[in-house]
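Novice: Quick one: the structure is below, questions incoming.
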Amino acid sequence: MRFTRAIGAVGAATVAVLAATSLAGCQAVITTPEPGKTTAATTVAGLPTAIASKGYIVLADSGSVKPLKYTESGSDVIIGLVPDLAAEYARRLGVTAKIERVAGDSVVPGVLAGRFDAGLALGDFAQRRETLDFVDILAGGQVLLVKKGNPAGVSGMDDLCGHSIAIVKGSNQQTVIDEYQAKCVTAGKPAIDVQAYADGPTSILALSSGRVEVAYDDIADANYLVKENPGLYQVTGDYQWLAPYGVGIPKADEDLTKAIQKAMQSMVDDGTYQKILAKYGQESIALKKIEINGSKF
């Protein structure tokens with residue numbers, strides 16, 4: 001069974017679950033309460049006809065970065081800060097946003113193949129910009145997470161040689177770790193034992209169960225884990241502010257890119273964006289301006 005969360009519907013603020021059966025299986029569509037009523041001041045025009053006519057935009061993600069985009073235990077419905085942003089920009093565009101949960105390394109291929117309209121929130125990196133345009137929505141970065149007390153004694157990226165680390169498949173973490181792996185080889189030090197997992201929660205499980213000594217984690221997720229479990233985890237080394245999170249859209253869909261950028265910028269301008277980030281205690285990753293392909297990475 002594949003679960004899809006539909007958010008940002010125009011109309012009554014209700015919660016409804018609709019089941020539709022197809023050859024592929026059964027699909028649950030969940031509509032959440034809208035943040036507010038649509039007004040002339042907040043409605044943004046310019047959505048491509050193909051999406052406007054079907055009434056929804058399909059966004060894909062692995063849902064593995066809490067509290068930005070995640071699932072509760074036993075559920076495939078992605079919730080969090082980014083889905084709330086998507087709900088609002090979709091509402092302003094007069095459609096709903098349906099979020100499909102897939103493996104992290106399946107998001108970009110699925111978008112390029114046309115199975116999804118866009119990636120919900122991906123790192124805006126140069127390699128990805130060869131095929132996708134990005135509407136940057138949040139500052140992004142990564143940090144090393146270890147067990148409380150740091151038993152492995154890893155104090156930063158330069159200490160990883162000879163240690164084991166969990167990363168997420170299909171993420172930019174592999175690129176960064178490859179660079180440090182090369183440094184270990186050049187220095188004649190033991191290699192980094194890199195273990196790639198399907199998503200963030202699985203990589204954290206590898207840390208907590210002792211399969212790895214370090215987890216390479218998103219800053220927002222690491223801070224959340226330390227706050228919720230101060231006796232289990234701690235951050236080590238410096239924060240690495242990298243590429244921002246962006247809605248990843250095929251380059252051919254320029255109208256969709258522009259429409260989402262305008263909707264997101266209107267949210268910044270009227271304060272809605274800041275309120276959604278504050279709801280999750282993530283004001284520190286706010287962007288002052290919503291740009292297209294604004295990353296320096």
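The values are calculated or read from the model by the stated rules, or taken from the named source; none is laboratory data. All values reported here derive from a predicted model rather than from experimental measurement. Cβ sites come from the backbone with ideal geometry, for glycine too, and all protein chains shown count toward neighbours.
Novice: So, in segment 98-117, of the ones that are in a helix (DSSP H, G or I) and either without any contact (Cβ under 8 Å) to a residue 40 or more places away in the chain or not polar (S, T, N, Q) (or both), which residue ends up surrounded by the most Cβ atoms within 10 Å (Cβ to Cβ)?
Specialist: Val107
Novice: Output the strands (runs of 3 or more DSSP E) that fall wholly within segment 118-194 and possess 3 or more residues being under 30 Å from Ala259 (Cα atoms), or say none.
Specialist: Ranges flagged: 118-123, 132-138.
Novice: So, one more: Quick check on my filter: what residues within segment 48-75 are in a loop (DSSP other than H, G, I, E, B), touching a Gly at 6+ places or on another chain (Cβ under 8 Å) and more than 21 Å from Met264 (Cβ to Cβ)?
Specialist: Residues satisfying the conditions are Ser62, Lys66, Thr71.
Novice: Consider segment 76-97. How many of its residues are over 12 Å from the mean Cα position of the chain (by Cα), in a loop (DSSP other than H, G, I, E, B) and closer than 21 Å to Gln261 by Cα?
Specialist: The qualifying residues number 3.
Novice: Can you find, within segment 202-215, the residue that is surrounded by the fewest Cβ atoms within 10 Å (Cβ to Cβ) among those that are within 19 Å of Gly156 (Cβ to Cβ), aliphatic (A, V, I, L, M) and within 22 Å of the chain's Cα centre (by Cα)?
Specialist: Leu207
Novice: Can you list residue pairs whose Cβ atoms sit under 7 Å apart, with the first residue in segment 207-224 being in a helix (DSSP H, G or I) and the second being of a type in the set (D, E, K, R) and surrounded by fewer than 24 Cβ atoms within 10 Å (Cβ to Cβ)? Count only pairs 6 or more apart in sequence or on different chains.
Specialist: Close Cβ pairs (under 7 Å, with a partner that is of a type in the set (D, E, K, R) and surrounded by fewer than 24 Cβ atoms within 10 Å (Cβ to Cβ)) amount to Leu207/Lys147; Asp221/Lys66; Tyr224/Lys66.
Novice: Sort out which residues of segment 123-158 are surrounded by fewer than 17 Cβ atoms within 10 Å (Cβ to Cβ) and of a type in the set (Asp, Glu), and write them in order of number.
Specialist: Glu130, Asp158 - these are the residues of segment 123-158 that are surrounded by fewer than 17 Cβ atoms within 10 Å (Cβ to Cβ) and of a type in the set (Asp, Glu).
Novice: Kindly provide the set of residues from segment 246-297 that are closer than 30 Å to Asp159 by Cβ and touching a helix residue (DSSP H, G or I) at 6+ places or on another chain (Cβ under 7 Å), ordered by number.
Specialist: If the condition is that a residue be closer than 30 Å to Asp159 by Cβ and touching a helix residue (DSSP H, G or I) at 6+ places or on another chain (Cβ under 7 Å), then Gln282, Ile285 are the ones that fit.
Novice: Of the conditions (1) hydrophobic (A, V, I, L, M, F, W, C); (2) farther than 21 Å from Lys251 by Cα; (3) not assigned by TED's automatic domain parsing to the domain that holds Asp218, Ala121 satisfies every one except a single condition; which number is it?
Specialist: The number of the failed condition is (2).
Novice: So, Gly248, is that one outside the structural domain of Gln173 (by TED's automatic domain parsing), under 24 Å from Ser62 (Cα atoms) and at pLDDT 95 or above or not?
Specialist: yes
Novice: If you don't mind, there's one more thing I want to ask. With respect to the numbered conditions (1) at positive phi; (2) without any contact (Cβ under 8 Å) to a residue 24 or more places away in the chain, which one is the sole condition not fulfilled by Gly237?
Specialist: Condition (2) is where Gly237 drops out.
Novice: Let me ask something else. When segment 238-297 is examined, which residues are found to be surrounded by fewer than 19 Cβ atoms within 10 Å (Cβ to Cβ), of a type outside the set (A, V, I, L, M), under 18 Å from the mean Cα position of the chain (by Cα) and assigned to a loop (DSSP other than H, G, I, E, B)?
Specialist: Matches in segment 238-297: Tyr280, Gly281, Glu291, Asn293, Gly294, Phe297.
Novice: Further question on the same structure: What about Lys227, is it over 30 Å from Val44 (Cβ atoms), basic (Lys, Arg) and surrounded by fewer than 24 Cβ atoms within 10 Å (Cβ to Cβ)?
Specialist: Answer is yes for this residue.
Novice: Counting only residues that are without any contact (Cβ under 8 Å) to a residue 24 or more places away in the chain and within 25 Å of the chain's Cα centre (by Cα), which one in segment 176-201 is surrounded by the fewest Cβ atoms within 10 Å (Cβ to Cβ)?
Specialist: Glu179
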